[in-house]
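Notes follow once the structure below has been shown.
Any read-out appearing in this document is the output of simple, stated calculations on the displayed coordinates, not a laboratory observation. Nothing here was measured: the structure is a model prediction, and the numbers come from that model. So basically every Cβ, Gly included, is an ideal-geometry build from the backbone, and we count neighbours across all protein chains shown.
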Amino acid sequence: MSNETNGKSGYLVEVEDLKQHFPIRTGFTKTTLLKAVDGVSFKIRPGETLGLVGESGCGKTTVGRTLLRLYEPTDGRIFFEGNEVTKSNMREYRKEMQMVFQDPYSSLDPRMTVEDIIGEPLDVHKLYSTKSERRDKILGLMSLVGLNAEHATRYVHEFSGGQRQRIGIARALAVDPKFIVCDEPVSALDVSIQAQVVNMFEDLQKQLGVAYLFIAHDLLIVHHISDKIAVMYLGRMVEMADADELMDNPMHPYTQSLLSAVPIPDPETARKQKRIILEGDVPSPLNMPSGCAFRTRCRYATERCSAECPPFTDRGNGHMVACWEK
Amino acid sequence: MTETNTMPKKKALSLQVDLSKFEKATDEEKRQQDVMSKSTTFFRDGMRKLMKNPLAVASIIVLVLIIGTITVAPAVVPYGYQDIIKVDGKRDKTAKNLEPFKYSKKEMKYMEKTGEKLFPHIMGTDSMCRDYFIRVVYGTRISLTVGLFASILVLIIGVLYGSISGYAGGIVDLIMMRIVDIIYSLPDMLIIILLSVVLNERLSATQNPVIKSLGTNMVSIFIVFGLLYWVGMARLVRGEILKIKSNEYILAARAIGAPSGKIIRSHIIPNCLSVIIITTALQIPSAIFTESFLSFVGMGVKAPMPSLGSLANAAREGLQSYPMQLVFPAVTIILIVLAFNLLGDGLRDAFDPKLRR
C-alpha cells in the first residue's frame, strides 16, 4: 500500500499489516499461537479521530497497545510522521504518542498523589527546570481537564470514576503528545459521565489538535467523536469508512448486524427496524475458521469464503470492506 | 476581573441566596488556602493515621516501656541474672521462692541492723534464690533479640528471593517457587530439633566467643529461621509483585517511557511495602513464640541464661505453690506478641490507602 517515501503524505500515524501473535500453552508441552491482531492497516491524519469498534476479544486493545509498543509486534510496521517507529527509537516517540486506559481504577497508582501521577511523565522526560515550573505545569494540566487545584495533593481513591479518568487524560497530555490512543476510555463510566468525558475529548482535540485512536464498543459514542470508523472482527479489519458513510451505508454483514443492534431512542422507528441476529458464538481465536473469519456466522457465506480470505478493498470514497459477497 | 468589589444585589422576589452578604476572597485569603493544602509525604501521612489509631498507639507505648525496661533495668537493679542473692557478701539461702516485694529473713535482719534499704525483689525470687525480676528482664532481652533478628533475616532473604522470582517470571519463577514448595513441605519443628542436635556437636567444638555466650541452640535457631522461615515472606512478596505487575498503571508508566528502575522504585516497591511491613511485624511474635517453645522444651538458650520460655518451663515445677513464677514470663510474652500484632494491624491500616475510609 504505502512505503517509506510517504514522509510528506500528510498522515500522522500509519500502520501497515500489524500482527500480534501470542503463544498460548494449550497442552502440557504444546503451544498454540493466539492471533490477537492479524494484519491490520490504517492511517490517521493529524487532529483526526479514528474510531475502532468490535466485540470483546476482537483485538482492539491489543492494536492500541502494540501501536505504542507496549507489546512487541510480531510483524508489521508503524510510521509516525513518515518515520518508522522501531524498538530502538521508541523512547523518543513516547513524547508524541500517549495512551488513556480503560479502567480508571487500576490505571492510577494508589500510592501516588494526583500531582505525582500527572507529574510522572514530566519527571521521566525532564520537561521542567524548577520545582515551581513542574507545579505550574501540573496545575495547568489539571485545569485543562477540569480538576481543581486543591485536588493535587489527594490520593486517587478519593476520586470518582469520571475524575480518575480526567487524571488519566491529564497524565497522557503532560508530554504534549500529537496522538493519543484512547482504550475504551468511557466504557467503565456512568452514562451521564460518559458524555462529559467524550465532550472533553472533543474540546481537547479542538484546543490542542491531537489525533485519537478511539477504541470503544459503543457505536453511538464512536460515531459522535470519530471522523472515520474501523470495524474489527477476530483480529482483522472488516470495514473502514468515514463515520457517517459507515453508519448510513454499512457493507460488511458483520457491520450491518452490529448497527442493527444499536438501540434506537424512537420506538416507532425501532419497531420498523429489523434486527439482524447473528447465529452461534465467536469462534475461538486459538482455532480460527479458514478463509474469512466471519463466515461461520455469516448469512451470505459461500464456499469461496472458506477457501480464501477476502482482501480489504476500496469500494469507492475510501470505503474499505473485506468481503467476497458484498 | 471587575472593578467593583461588591456582589450583585438581591432582587426583592428572588429565592436566590443574597449575594450581597458575601465578600469576595482577597488574594491573601486565596494564598492561605494554597498553604493549607500543603502536600504531605506518603510516610508522614501514614504516621499521622497510625497515631490516630488508639490500639496501635497503646501497643507502641507498651513496646517502648518493655524495651526501655530491659535496657535500663540491668544497670539499676543490683542483682545478676545468674547470681544467688547475697547479703553482706554472704549467700542468702533463705531467699528462696520469695513473694513479690518481700524480703528474706537475713535481708530483714541486715536492714534492721544497718538501717539501709535493700533493693526490693519486684517479682520475688526463684527456687535458686535468684532475683526473678532481673531474670525476666534478661529473658525478655533474649526473646526480643531472637524475634527481631530472625525477622530481619526472614525479611532480607524473603524479599530478595520473592522479588527476583516475581520480576523474572517464566522458567526462573517456576524453579524458584518449586524450591519454596519443597521447603514449605518440611516439618519445621522437626528440622529445628534435628539441626540443633547436629549443630550442638559441631559448634561446641568451636571457641568463637560470640557463639559461646549465645549458646549453640540460639545459633541453630537463627540458622533454621534463615533456612526455613523466609518461604512465607518470599511467596507473599512474589504474589504481590505479580499482582502489581498486572496493574494498568505499570503499563501506563511504560507508555510514558519510564525506565524499569523507576517503575520498580516508584510503583512496585511502594505498593508492596504494606505487605512487607505487616508480615515483618507479624513475623516477630511468631519468632518469639518459636523461641519460647523451644526453650520450654529445653532446646532453647543454655542455662543459666534465661529466656521467657525457659523461665516458664522452670516455673512449671513449682506451679502449685508459686504460680506467680509462671505468670510473669507468660504475661510478658502475651504483652509482646499482642503489642506486635496490634501494631502490625495498625501499620497496615495506616499505610494501605485501599483500606482507608
Globularity index of the stretch B:134-355, i.e. its alpha-carbon radius of gyration over 2.2 N^0.38 Å: 1.20
field: Averaged over A:97-107, number of beta-carbon atoms from partner chains that fall within 10 Å
entry: 4
Crossing angle, helix A:161-173 versus chain A [Cα axis fit, 0-90 degrees, rounded to tens]: 80
task: Find which of A:49, A:108, A:216 sits farthest along the positive direction of the dipole of chain A, computed with +1 on the beta-carbon of Lys and Arg, -1 on that of Asp and Glu, about the Cα centre.
output: A:108
Residue among A:320, A:189, A:36 farthest towards the positive dipole end of chain A, charges placed on Cβ: A:36
message: Just to confirm the number: angle between the C-alpha axis of helix B:105-114 and the first principal axis of chain B, 0 to 90 degrees, nearest 10?
response: 80
query: Quick one: which of B:56-65, A:265-274 comes out on top by average Cβ neighbours within 10 Å, and what's the full order, highest first?
result: B:56-65, A:265-274
message: On C-alpha positions alone, give me the angle between the axis of helix B:308-317 and the longest principal axis of chain B, in degrees, nearest 10.
response: 40
statement: Within 10 Å of the Cβ of an average residue in B:242-251, the count of other chain Cβ atoms is 5
- prompt: In a solvent-free Debye calculation with one equal scatterer on each Cα, what is log10 I(q)/I(0) for chain A at q = 0.09 Å⁻¹, listed in the order of the q values?
  reply: -0.51
message: So if I place +1 on the C-beta of Lys and Arg and -1 on the C-beta of Asp and Glu, and nothing else carries charge, what would the dipole magnitude of chain B be about its Cα centre? I want it in debye, nearest 20.
response: 340
Structure-based [θ]222 nm, the protein assembly as shown - -39500 (n - 2.57) summed over DSSP H runs of at least 4, per residue, nearest 500: -15500 deg cm²/dmol
statement: Quarter of the surface of the C-alpha convex hull for the protein assembly as shown, i.e. direction-averaged projected area in nm², equals 50.1
message: Within 10 Å, at most 16 other Cβ atoms, and a DSSP state outside H, G, I, E, B define an exposed site. Report the longest part of chain B free of exposed GluC sites (Glu not before Pro).
response: B:117-357
field: Flagged links, alpha-carbon separation over 23 Å, of A:43/A:95; A:206/A:228; A:87/A:178; A:95/B:262; A:178/B:243; B:93/B:117
entry: A:178/B:243
- request: Taking the Cα centre of the protein assembly as shown as origin, sum charge times position over the Cβ atoms of Lys and Arg (+1) and Asp and Glu (-1), and report the length of that vector in debye to the nearest 20.
  value: 2500
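From the square roots a ≥ b ≥ c of the eigenvalues of the alpha-carbon gyration tensor of the stretch A:137-217, which class results: rounded (a/c under 1.5), prolate (a/b over b/c), or oblate?
On the way: a/c = 1.82, a/b = 1.13, b/c = 1.61.
Oblate.
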- prompt: In peptide A:161-173, what is the residue-averaged number of other protein chain Cβ atoms found within 10 Å of each Cβ?
  reply: 1
statement: Least to most buried among B:135, B:238, by other C-beta atoms within 10 Å and fewest first, runs B:238, B:135
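At a 10 angstrom cut-off on C-beta neighbours, averaged per residue, how do the peptides A:135-144, B:174-183, A:161-170, A:236-245 rank from highest to lowest?
A:161-170, A:236-245, A:135-144, B:174-183
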